[in-house]
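A short write-up of the structure that comes next.
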Amino acid sequence: MEWNETGDLVRKARAGDPAAWRELVDRYSRLLCAIARSYGLSGADVDDVVQTTWLRLVERLPRLRDPARAGAWLAVTARRESLATLRRRGRERPLTGHAPSVTGPHHVVFGRDLAGSVTAALDAVPPRCRALLELSIASPRLSYVEISTALGVPLGSVGPTRARCLTHLRRRLGVT
């Protein structure tokens, strides 16, 4: 069974349709994982955030005012749950990306210097740019629709904003 409208899915899920629930989960779980990963959470914490986000939807489904906006509601809830998880764990957001390949001490030093430079550059860009860049790094396969929903920005502004943010980051890193 296929539905194009999120609102229809939500209304059918309210009525107890298991196929509608499966479609909602299939449609939004990847986005919720990407949002949680963008906060630097571990795999287990990402799973907890996604599960808690779905639980919140189940709890609030009867009172959800605009079923068509359930995707945006899920994205906001995943961001809030990610922040709550970070607060509970008392951890700072780790640097996103992969550790450098280590073949000698100079690679370790270079990798740490590079990571420090990128972190400093990301900290220096505006918060909106930092959020967009971190989400892009954490989940490079996200569509513009998913990024738009996750960040609460207009779909048409994702590409141009991303380009401006990358230019700003390159300038901060001294790369042209």
- prompt: Here are some conditions: (1) assigned to a helix (DSSP H, G or I); (2) modelled with pLDDT of 85 or more; (3) touching a Lys or Arg at 6+ places or on another chain (Cβ under 9 Å). Residue 68 meets all but one. Which one does it not meet?
  reply: (3)
statement: Of the residues in region 1-44 that are closer than 18 Å to residue 146 by Cβ and without any contact (Cβ under 8 Å) to a residue 12 or more places away in the chain, the one that is surrounded by the fewest Cβ atoms within 10 Å (Cβ to Cβ) is 4
statement: Of the residues in region 115-159 that are in contact (Cβ under 8 Å) with a residue 60 or more places away in the chain and not in a helix (DSSP H, G or I), the one that is surrounded by the fewest Cβ atoms within 10 Å (Cβ to Cβ) is 152
query: Is it the case that some residue within region 17-39 is outside any helix (DSSP H, G or I), closer than 22 Å to residue 134 by Cβ and not assigned by TED's automatic domain parsing to the domain that holds residue 136?
result: yes
- prompt: So is residue 57 closer than 19 Å to residue 137 by Cβ and among the hydrophobic types (A, V, I, L, M, F, W, C) or not?
  reply: no
- prompt: How do the pairs read when you match residues in region 45-73 that are within 16 Å of residue 33 (Cα to Cα) with residues anywhere that are part of a helix (DSSP H, G or I) and acidic (Asp, Glu), using Cβ under 6 Å and keeping only pairs 6 or more apart or on different chains?
  reply: 49/81; 52/81; 53/81
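The values are calculated or read from the model by the stated rules, or taken from the named source; none is laboratory data. Note that the structure is a prediction, hence the values are computed from the model and not measured. Every residue, glycine among them, receives a Cβ derived from its backbone with ideal geometry; neighbour counts consider all protein chains shown.
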